[in-house]
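S.K.: Following this message is one structure expressed as structure tokens.
Bear in mind that the values in this text are calculations on the coordinates, not laboratory data. All of these numbers come straight from a predicted model, not from anything done at the bench. In this analysis, Cβ positions are derived from the backbone assuming ideal geometry, glycine residues included, and neighbour counts consider all displayed protein chains.
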Amino acid sequence: MRIGVIQASSQTSKNQIIYDAVYKYAPKEAEVINYGCTMEEKEKYSYIEISLLVGILLASKTVDFIVTGCSSGQGMMLACNSMPGVICGYAPTPKDAYLFAQINNGNAISVPLGEDYTWSGVDNLEKTIEALFSEPFGQGYPKSEAERKIKDTEKLKEIRKSGQVRFEDFFNVLDVSLIEVIKRKKDVIRSVKAYGKKEIADLMK
């Protein structure tokens, strides 16, 4: 399992905090890859541009799961859910993260990074990531309703897939200027070319 960490440039100061928490609590067999955005990067990326990179990373199967965020976490969640094949939850608390992992079994989660970021904010983020990875995904919750919850989640994924275009078709109708911006995120592009599906990697040329 590969887990990617990437958040909007507005919250570069939180990147290492997110990465450290994910690295600490991710399953032992998982590889955690930090795609930034870091304070050292000169290029700035909005939550919309980051959501496109999230879509590319997941559609290409370069990673299996993404932990992301922006100031509120809401905008990133909405933008990521606009990408074909991305099911992104919003997790301001440990309980939200746990329920998303167990019930919704998506492939991305967005956390609020600009709200109440005192010491307690960092502590809440770490506990949220811990809850997210505390058990294998998709087991259903509560346990008494697990079978129904799992069936509902699969049904939702089928409905969503039938209502979306292929990522390749989606990418080909994007504004060229937007594509040029995301292509400048070289660490993501290199990773997609190294690990991703050829069909998606070819779009990066």
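S.K.: So which lysines can Lys155 reach, going by Cα to Cα under 27 Å and dropping same-chain residues fewer than 8 places off?
M.R.: Cross-link targets: Lys61, Lys95, Lys143, Lys197.
S.K.: For region 1-65, take N as its residue count and report Rg(C-alpha) divided by 2.2 N^0.38 Å.
M.R.: Details: Rg = 11.8 Å, N = 65, 2.2 N^0.38 = 10.7 Å.
Taking N as the residue count of region 1-65, the ratio is 1.09.
S.K.: Now, a different point. Work out the FRET efficiency for Lys186 and Tyr141 from their Cβ-Cβ distance, taking R0 = 35 Å, and round it to the nearest 0.05.
M.R.: 0.30
S.K.: Let me ask you something else. For Lys42, list the lysines whose Cα falls under 20 Å from its own Cα; do not include residues on the same chain fewer than 8 positions away.
M.R.: Lys14, Lys183, Lys185, Lys186
S.K.: In whole Å, how far is the Cα centre of region 42-66 from that of region 77-107?
M.R.: 15 Å
S.K.: Ok, one more. Taking the inverse of the average 1/r across all pairs of different Cα atoms in the chain, what Kirkwood radius in Å do you get? All intermediate terms of the calculation are to be shown ahead of the outcome.
M.R.: Values: mean 1/r = 0.0585 Å⁻¹.
Taking the inverse mean of 1/r over all distinct Cα pairs, the chain comes out at 17.1 Å.
S.K.: Along the charge dipole of the chain, pointing to its positive end and built from +1/-1 on Cβ of Lys, Arg, Asp and Glu, which listed residue (Ile182, Ile103, Ile129) has its Cα farthest out?
M.R.: Highest projection toward the positive end goes to Ile182.
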